[in-house]
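Report on the structure given below.
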Amino acid sequence: MIAEHAICPDIYHPAVARDGLLTRLRIPGGVLNVAQCMAIEQLLAATSLDYIQVTNRANLQLRALTEDIDKEVLTALTNCGLASSDRAVDGIRNIMLSPTAGIDPQELIDVRPLATAWHDYLTDRPELGILSTKFSVGFDGGGSVGIVDRPNDITLLAVNNREFELYLGIGASGSAPLQVGIRLGVDECLPILAAIAQTYRQGIELFGRDSRRKLRLRDVIYHWSLTGFGEMVQREFKGSSRFIFKNLDRESSELGVGSWEHLGVHQQRQSDRYYLGIVLPLGRWNKPQVKGLGEIADRYGSGAIRLTPWQNIILPDLKLADLERVQSLVTKLGLIHTANHPSSLLRACAGSSGCQFGATDTQQDAIDLSNYIAANFTLDRPLSIHFSGCDKSCAQHDRADITLWGVEGQNCYRLEIAGATAEFGEDPAALCPPDRVPISIGKAIDAYHYQRLNPQESFQAFITRQSPAQLHQIFNVV
């Protein structure tokens, strides 16, 4: 059934977008097996689409559908775990964990059992179908590839090998969740998540009856206040602890934690195994690549493929003797696995081709820029570039080295450089038409390569040293 005004569609309730129907497959924890890869390949064949796209929640989405998913295909997706048998709860299976959970050498707690238990809780509670389909829970085991900065409604961050810190999404939309001053033992995590979810449900029933959209968790907390919400949660919680929620502000990181650290070859905590982080340009995963990576995972790994909230893929559990062969096979699929490639940190929302709010064709403009950089430059450090067709920043919410914001009615971009040069980004003279974007960014890369203090100086540090006048000259946007 088509949901024309769905904010966050699921496989049973596609949304109408500018380019057709939009639907999403929830992938709890971002982990796929070989059978599910085969089902995705068959899904692409059935819908005649060229690719499926990894989202910034480590889910999968299909765009430009011309009709609803066939019932037989839905049944196949349900049978292999890609869709819930209960339509009411399919949309709230937003469960994020680090894509290196259980294999990260620096991890404090393996959060995979918690994620599985939380998924089982959700799927057994049809009454929670009232929650917003954007409701999301993240589990961060404290490893080197973390997701605590991802904009989840609730995040549990391991702080030692016995405890988690509780974070809630109480800030602005798209911002990282904030600490609320609560530490939990491992055995307390599921009960407190259940108590929060049930309190959230009660808040929707109480405050959301006349709302045109389902209230987000932050909306319910706003109605009760953070302290009041904590008191309501305590009533639901069956333990003996007392929860007094309080907002403990923290500084956000310069770049997303794990946004590129997972790319390439890394040794796992299992001393005889390695994982390979692979770039999917703009998160696009085509049918031959779905089939090919599934076969590689089956033959050389453990049969698992992990999606990341940075729209990339990890192949875990590889043997050292097989690494060179696996890398060669991945390259033959047209994929790369280095953080320095221009596609590795390039993100773009749907833009004007797929979204009614998009002022620019971000997808095509991002592809054009990536091709230009690849043809003209050799990057020796990762460089993050985000294209956003409007001010919602749907592609990625973390700070980028360069962000291009589509300007309504003008088919041009406003440049935000290193997130710290507002004077330059807000100056009308800084507006850049799409055909000038590659040249302007290329000029900035040139300046960075030749004028930085040393090879270790980051792009953000380099830009921070420049005056607005120097930035105008560097980007040549006037």
Alpha-carbon centroid distance for the pair region 438-457 / region 138-160, whole angstrom: 33
Sum of -39500 (n - 2.57) over DSSP H runs of 4+, divided by residues of the chain (222 nm, nearest 500): -9500 deg cm²/dmol
Two-decimal Rg/Rh across region 346-475, once Rg and the Kirkwood Rh are taken from alpha-carbon atoms: 0.94
Extension gain (nm, one decimal) between Leu320 and Asp272, 0.36 nm per residue minus Cα-Cα: 16.6 nm
Given charges at beta-carbon only (K, R positive; D, E negative), |dipole| of the chain in Debye: 360
Cys with no candidate disulfide partner in the chain (beta-carbon separation under 4.7 Å rule): Cys8, Cys37, Cys80, Cys189, Cys355, Cys390, Cys412, Cys432
Spatially proximal lysines relative to Lys332 (Cα-Cα < 30 Å; intrachain offsets below 8 disregarded): Lys287, Lys291, Lys319
5 angstrom amide H check on Ile182, placed H, neighbours 5+ away: Leu166
Two-decimal Rg/Rh across region 264-332, once Rg and the Kirkwood Rh are taken from alpha-carbon atoms: 0.94
Prolate/oblate/rounded call for region 136-232, Cα gyration tensor, a/c under 1.5 rounded: prolate
Using alpha carbons only: equivalent-ellipsoid semi-axes of region 135-190, gyration tensor based, whole Å: 18, 12, 9
Inverse of mean 1/r across different Cα pairs in the chain, Kirkwood, Å: 23.2
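Only the coordinates and a few stated rules stand behind these numbers; no lab work does. Not measured: the values here are computed from a predicted model. Cβ coordinates were reconstructed from backbone atoms using ideal geometry, including for glycine residues, and neighbour counts include every protein chain displayed.
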